[in-house]
1. With each label point set 7 Å from Cα along the Cα-Cβ vector, what nm distance links residue 456 and residue 272?
2. What ranking of 335, 76, 219 emerges when the number of other C-beta atoms within 10 Å of each C-beta is taken as an exposure proxy, fewest first?
3. Send over the per residue convex hull volume for the range 408-456, Cα only, as a whole number of Å³.
4. With respect to the cross-link table entries 86/106; 298/395; 126/171, which display a Cα-Cα separation exceeding 24 Å?
5. Binning at 20 angstrom from zero up to the longest distance, how are the C-alpha pair distances of the range 25-399 distributed in percent?
6. Based on DSSP H runs of at least 4 residues, each adding -39500 (n - 2.57), what is the mean residue ellipticity at 222 nm of the chain after dividing by all its residues, to the nearest 500 deg cm²/dmol?
7. Grab the Cα-Cα distance for residue 392 and residue 93, subtract it from 0.36 nm times how many residues apart they are, and report the gain in nm with one decimal.
8. Residue 211: net charge of surrounding residues, Cβ under 13 Å, Lys/Arg +1, Asp/Glu -1, itself excluded?
Amino acid sequence: MKFLISSSLAALMLAIPIFAAEARPNFVIINVDDLGYGDIAPFGSKLNKTPNLDRMAAEGRKLTCFYAAPVCSPSRASLMTGCYPKRVLSIPSVLFPGAALGLSPKEPTVAELLKAVGYTTACIGKWHLGDQPEFLPRRRGFDYYLGLPYSNDMGPGEDGSKSSLGDPLPKKNAVKPGEKAVKATAEKLKGVYGGDETGIKGSDQPPLPLVENDKVIARVRQDEQCGLVKRYTEAAVKFIRDNQDKPFFLYLPHNAVHFPYYPGADFQKKSANGNYGDWVEEVDWSVGQVLATLRELKLDSRTLVLFTSDNGGTKRGVNLPLRGEKGTTFEGGMREPTIAWCPGKIPAGTSTDAVSAMMDILPTFVKLGGGKTPSDHKIDGGNIWPVMAGEAGAKSPHDVFYYYRGLKLEAVRSGPWKLRLINKTELYNLESDIGEANNVADANPEVVKHLKELAEQMKDDLGLDGVGPGCRPMGHVDKPQSLISQDGTIREGFAP
């Protein structure tokens, strides 16, 4: 159910500024790729050592019911726009190299809205919202960009994009099992540029480009993969130092810990969990570097840092005690290990199970930064600062939460109750059964009926399947090109 703050408390909140007017808060989002709910110690990991995240949780607040999306691109679209992913990026799965589609330039991003009120902005890491010039970060409100435009497995096998550190490299253009069918589907959908509209898949993918601002500065092979976390971290620390005297927004979306696994040299064979654990622990080191820099510069008490993941972990990760994994709408596919940190503003060593989500980032940050959310675009998220700050009586802004997998609505939640809408009727009480182990639909027919009615309300908005009337147009280009061609040639205009 939707919870409202009392009028007297609301008046008090308006009367007492959260941050001093002369020192608007800085914002940092550290978004890890494919990190499982139970992959870090604050959320129960016994395998991976994460001392910096332990300290962050001890000094901050765990958001134990923070939702993203089942896969990468939709999750990032939600973060950038404050909307359900399907509203702004109505695709079945994710975007690939050379995609004709991307997040529409007409969708205001959190970076654009903060930049409009004087923030300096940077995106350092994985983008994955379109790799054509119109869709890249520098056109979407970011003053500085360094990173890969999509996932680190979206390159040729001979460069190491299809196998982890230490594994043998496949032969050039080797077709993996099951890929024949993928290629056949792409052939049916072939357009003027040689692929379906979400981009180039499988062994035909071009080399991975490392982009800085508007230039390709490297072809990413194994050595570059191993250096990504360190390179991103150094750039993030430099950005903070260079902009310490003015408000800034740093978006740090790591390619780690997405397959293939490439921990840096200083972390290889150091964990008890192989390459994957090594990379998780390197991400923890990166978090420590960012937070230590904020402390050193005395920016910690006026910088809101949010650590999270873009979707659930894969089979290689650990999502326990949740059920499911990346690509599903079980809790393990969408509920993320999230920590909010701002010493003196966020209560130390606390947690909340209030429902929150990627789509809440834009309205929360823009409100705290003194900006305005767009009035001509529907925003699905809400301001969760009261939840982060542990204010008395603060509750989730979401009376209902919808679980979409691509274009299909697969589940709906209200309060503790979650109803799955596919295959068979499944009802779970997430307060008593976080692992979705006990189907209690037969014992609660009225709850099932109510949740089905809530689901039907989406029929005339985002739709139950396919593109609903509330889905907005995506960005589209007629003749997309990859940033690096198959032969290694850098696209015209992107050469350093």
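1. Result for the modelled spin labels: 5.3 nm.
2. Ascending Cβ contact count within 10 Å gives the list 219, 335, 76.
3. On the way: hull volume 3.6 nm³, N = 49.
Residue-normalised Cα hull volume stands at 74 Å³.
4. Working: 86/106 16 Å; 298/395 31 Å; 126/171 26 Å.
Among 86/106; 298/395; 126/171, the Cα-Cα distance tops 24 Å for 298/395; 126/171.
5. Values per bin, smallest distances first: 31, 61, 8.
6. Values: 13 runs with 119 residues, N = 496.
It comes out at -7000 deg cm²/dmol, rounded to the nearest 500.
7. Working: separation 299, 0.36 × 299 = 107.64 nm, distance 3.93 nm.
Contour length minus the Cα-Cα distance gives 103.7 nm.
8. Values: positive: 126, 138, 139, 215, 219, 231, 491; negative: 131, 212, 214, 224.
Net charge in that neighbourhood comes out at +3.
Where a number appears in this text, it was derived from the coordinates with a stated rule and is not lab data. It should be emphasised that the depicted structure is a prediction, and the values quoted were computed from it without experimental measurement. All Cβ positions, glycine included, derive from the backbone under ideal geometry; neighbour counts span all protein chains shown.
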